[in-house]
Amino acid sequence: MWKSFSDKMGQMATSLRSNQHMAILPPAILIGILGGYGAVLFRFAIRAFQELFYGNPEDILTFAAGLPWWVVVGMPALGGLIVGLLVKYGAPEAKGHGVPEVMEAIVLKGGRIRKRVALVKILASAICIGSGGSVGREGPIVQIGSGVGSTLGLLLRVGPFQQKTLVGCGAAAGIAATFNAPIAGVLFALEVLLGDFGLTSFSPVVLSSVMATVISRHYFGDFPAFVIPAYTISSIWEYFIYPFLGIASGLVAVFFVTTLYKAEDLFDALKIPSLAKPVLGGLMMGTILLYFPQVFGVGYGAINLALVDQMAVWLFFALILLKILATSITIGSGGSGGVFAPSLFIGAMVGASFGCIAHALFPGITSGPEAYALVAMGALVAGTTHAPITAILIIFEMTNDYKIILPLMTSCIISTVVASALKTGNIYTLKLLRRGVDLQRDATQSQLRSMPIRDYMGDKLETISEDMPLPQIIDTFRDQNASYLHVLNSQSELTGIISFRDIRPYLGQNIQKECISARDVATTKLAVLMPGDSVFTAMQIMSDGPYSQLPVLDPDTKKLIGTLRETDVLAAYDKGVFRHGAQKAPAS
């Protein structure tokens, strides 16, 4: 009886191991747990460093007035120096907002992220935020969670598709734990990072997101990241105002992205030591904080004030520009932190400003500014990330109020359309595009580089001796219906290729064709391939030629073993593009 039970359990274990879709679920659960604890550790680290720098871990707005000016100005500069040292000598990937590096790792590096990146990112971003840098914790926690997923995938030696999925699992865990929003975590990973909503990616990402949310709720409770007011619609006519909020959000999103990278260019152009740049950025940031502490760190305190309409109207407008400036300085000078929270902050201020104007113009049919602030948070995120589904879901999930869904969908979609029409690339991919990395193009190229031509070449060869006279060459073309003839010497080595175009000039001439041999008419300057060469290499050679077919030689003997035709390359290209576009897992 025991032997029978043992055999059945062994069969089940073997079945699970052979089923890649099932085998990835336990690692996904573990990544969710580790990612959840990573988010918890990161939040505690931010509080610890803020207390170290300012002597108080609470919201800066509650004690900023009592701080000496030199502390407010000096601490961001000191934090900038420490962050610069960590990034320079620890992991350069930890610089900036983190998500572009994860996207690049997924698409171009097979989901491989260096192990030290997660640790350096935790320290660098926690110090940057804790010292006053105007950045968010979402980008870093995505990079931290993705690093955990990558490391576990490499330890388990999973396949390429599973490796990328586990990286997405880590990212989902980070977002879910940060916002207490498991659905938003799932959508962020699938829409922004993986670009795949298939079941093989969806299931493990969901499990990771759920587990991370459970961990987060255990330590911080089941509360949303912000103080969420009750959402109201005052009139059916108010629905027609929200498209204009979407347009405004899209325009501000473009301005934010443009300013962010313009600041990066300005700091890069400075002829000062690299470590001095984050110090200079910290001094500039501290100067802003002297007068506007609302832009400190993640800025959730100021967002909460906007959401309950407890802020002066002029401050709504001022903080739009100030937060854009502060975040651009922090990131551009070399700081470490995310841009998701600043997008939410800017959106809240855009919405509150818009709501004040709308209510002043149409007091009888509009709600207060807090309603527009809530919707614009999602719309601004949609405009900067070009990911409207994630933006809609994160606000909807935090409010749990179905009344917000129609204005939210309208504003987010219109913001995305406006922003994508005015700006090539979103706030994440633009960083890569500026370095010459086009994920869509390079992902296809990477796929083609991984495809050896041995899988696509043909072995049907039409060969002739280099001594064959021209009349026999003509007969061979006719009898074999060939497009090309490969010319071999006495050692069976390829010495040239003859196309029908090469012999056409001799057909109408009254000459002694028997005196002309294959070596006289063959093309001897040849481009050749080896079986291990990639399809991408073949495409480059054919386009430079141009050639409609290429001979394939044995790498050891240099003997002709096959040919690669243009149709073979096109078929391989279609297959490579399909693999990249569909992102399907290998069959189990």
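The values are calculated or read from the model by the stated rules, or taken from the named source; none is laboratory data. No experiment lies behind these values; they were computed from the predicted model shown. Every residue, glycine as well, gets a Cβ built from its backbone with ideal geometry; the counts of neighbours run over all protein chains shown.
Within region 189-236, restricting attention to residues that are of a type in the set (Phe, Trp, Tyr) and surrounded by fewer than 18 Cβ atoms within 10 Å (Cβ to Cβ), which residue is nearest to the chain's Cα centre (by Cα)? Walk me through how you get there before you give the answer.
Just the residues of region 189-236 that are of a type in the set (Phe, Trp, Tyr), to begin with: 197, 202, 219-220, 223, 226, 231.
Filter again for surrounded by fewer than 18 Cβ atoms within 10 Å (Cβ to Cβ), leaving 197, 202, 219-220, 223.
Working: PHE197: 15, PHE202: 17, TYR219: 29, PHE220: 29, PHE223: 29 Å.
The extreme case among them is PHE197.
Looking only at residues in region 82-100 that are part of a helix (DSSP H, G or I), of a type in the set (A, V, I, L, M, F, W, C) and closer than 25 Å to VAL257 by Cα, which one is modelled with the highest pLDDT?
Per the criteria, the residue is VAL83.
Do any residues in region 453-464 that are free of Cβ contacts under 8 Å to residues at least 40 places away in the same chain have Cβ atoms under 6 Å from those of residues that are of a type outside the set (Ser, Thr, Tyr), where the two are at least six apart or on different chains, and which pairs are they?
As it stands, the answer is GLU462/GLN480; GLU462/ALA482; GLU462/LEU485, since those pairs meet every condition given.
Does LEU550 satisfy the criteria of being over 30 Å from PRO204 (Cβ atoms), assigned by TED's automatic domain parsing to the domain that holds ILE464 and at pLDDT below 85?
Here the answer is no, as LEU550 does not meet what is asked.
Which one of the conditions (1) in contact with a Leu (Cβ under 8 Å, 6 or more places away or on another chain); (2) under 15 Å from PRO76 (Cβ atoms); (3) among the aliphatic types (A, V, I, L, M) does LEU283 fail to meet, given that it meets all the rest?
Unmet for LEU283, out of (1) in contact with a Leu (Cβ under 8 Å, 6 or more places away or on another chain); (2) under 15 Å from PRO76 (Cβ atoms); (3) among the aliphatic types (A, V, I, L, M): (1).
Does any residue of region 380-398 turn out to be outside the structural domain of SER209 (by TED's automatic domain parsing), more than 18 Å from the chain's Cα centre (by Cα), closer than 19 Å to THR258 by Cα and part of a helix (DSSP H, G or I)?
yes
Restricting attention to region 334-374, which residues are surrounded by fewer than 24 Cβ atoms within 10 Å (Cβ to Cβ), touching a residue at least 40 places away in the same chain (Cβ under 8 Å), among the small types (Gly, Ala, Ser) and in a helix (DSSP H, G or I)?
The answer is ALA358, and nothing else.
Out of LEU61, LEU52, report the one residue that is assigned by TED's automatic domain parsing to the domain that holds SER134, in contact with a Leu (Cβ under 9 Å, 6 or more places away or on another chain) and part of a helix (DSSP H, G or I).
Numbers: LEU52 fails: in contact with a Leu (Cβ under 9 Å, 6 or more places away or on another chain).
Answer to the check: LEU61.
Mind listing whichever residues of region 257-283 are buried (at least 19 other Cβ atoms within 10 Å of the Cβ), of a type in the set (A, V, I, L, M, F, W, C) and closer than 28 Å to LEU67 by Cβ?
LEU260, ALA263, PHE267, VAL279
Per-residue answers, yes or no, for (1) buried (at least 24 other Cβ atoms within 10 Å of the Cβ); (2) among the basic types (Lys, Arg); (3) in contact (Cβ under 8 Å) with a residue 60 or more places away in the chain; (4) over 29 Å from LEU322 (Cβ atoms):
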{"residue": "ASN56", "(1), (2), (3), (4)": "no, no, no, no"}
{"residue": "TYR89", "(1), (2), (3), (4)": "no, no, no, yes"}
{"residue": "GLY110", "(1), (2), (3), (4)": "no, no, no, yes"}
{"residue": "ARG114", "(1), (2), (3), (4)": "no, yes, no, yes"}
{"residue": "CYS128", "(1), (2), (3), (4)": "yes, no, yes, no"}
{"residue": "GLY145", "(1), (2), (3), (4)": "yes, no, yes, yes"}
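Determine which member of the set ILE46, ILE106, ILE60, ILE29 is among the β-branched types (Val, Ile, Thr) and either in contact with a strand residue (DSSP E or B) (Cβ under 6 Å, 6 or more places away or on another chain) or surrounded by fewer than 18 Cβ atoms within 10 Å (Cβ to Cβ) (or both). Steps first, answer last, please.
Working: ILE46 fails: either in contact with a strand residue (DSSP E or B) (Cβ under 6 Å, 6 or more places away or on another chain) or surrounded by fewer than 18 Cβ atoms within 10 Å (Cβ to Cβ) (or both); ILE106 fails: either in contact with a strand residue (DSSP E or B) (Cβ under 6 Å, 6 or more places away or on another chain) or surrounded by fewer than 18 Cβ atoms within 10 Å (Cβ to Cβ) (or both); ILE60 fails: either in contact with a strand residue (DSSP E or B) (Cβ under 6 Å, 6 or more places away or on another chain) or surrounded by fewer than 18 Cβ atoms within 10 Å (Cβ to Cβ) (or both).
Selected residue: ILE29, the only one of ILE46, ILE106, ILE60, ILE29 that is among the β-branched types (Val, Ile, Thr) and either in contact with a strand residue (DSSP E or B) (Cβ under 6 Å, 6 or more places away or on another chain) or surrounded by fewer than 18 Cβ atoms within 10 Å (Cβ to Cβ) (or both).
Provide a single number: the residues in region 276-322 that are of a type outside the set (S, T, N, Q), closer than 12 Å to ALA352 by Cα and not in a helix (DSSP H, G or I).
Residues flagged as of a type outside the set (S, T, N, Q), closer than 12 Å to ALA352 by Cα and not in a helix (DSSP H, G or I) within region 276-322 amount to 4.
Can you go through LEU529, LEU564, LEU560 and tell me which one is in contact (Cβ under 8 Å) with a residue 40 or more places away in the chain, closer than 24 Å to SER492 by Cα, in contact with a His (Cβ under 7 Å, 6 or more places away or on another chain) and of a type outside the set (Lys, Arg)?
Numbers: LEU529 fails: in contact with a His (Cβ under 7 Å, 6 or more places away or on another chain); LEU564 fails: in contact with a His (Cβ under 7 Å, 6 or more places away or on another chain).
Exactly one residue qualifies, and that residue is LEU560.
Could you figure out which of (1) closer than 22 Å to GLY168 by Cα; (2) at pLDDT below 90 isn't true of THR14?
Among (1) closer than 22 Å to GLY168 by Cα; (2) at pLDDT below 90, the lone unmet condition for THR14 is (1).
Are any of the residues in region 194-209 outside any helix (DSSP H, G or I) and without any contact (Cβ under 8 Å) to a residue 60 or more places away in the chain? Talk me through it step by step, then tell me what you get.
Taking region 194-209 first, the residues outside any helix (DSSP H, G or I) are 195-198.
With without any contact (Cβ under 8 Å) to a residue 60 or more places away in the chain added as a condition, the list becomes 197.
So far as region 194-209 goes, yes, one or more of its residues are outside any helix (DSSP H, G or I) and without any contact (Cβ under 8 Å) to a residue 60 or more places away in the chain.
Within region 360-368, does at least one residue satisfy the condition of being under 30 Å from ALA173 (Cβ atoms) and of a type in the set (Gly, Ala, Ser)?
No - not one qualifying residue is present in region 360-368.
Can you work out which of the residues in region 302-333 that are surrounded by fewer than 22 Cβ atoms within 10 Å (Cβ to Cβ), of a type outside the set (A, V, I, L, M) and out of contact with any Ser or Thr (no Cβ under 8 Å at 6 or more places or on another chain) is modelled with the lowest pLDDT?
Ranking the candidates gives ASP309 first.
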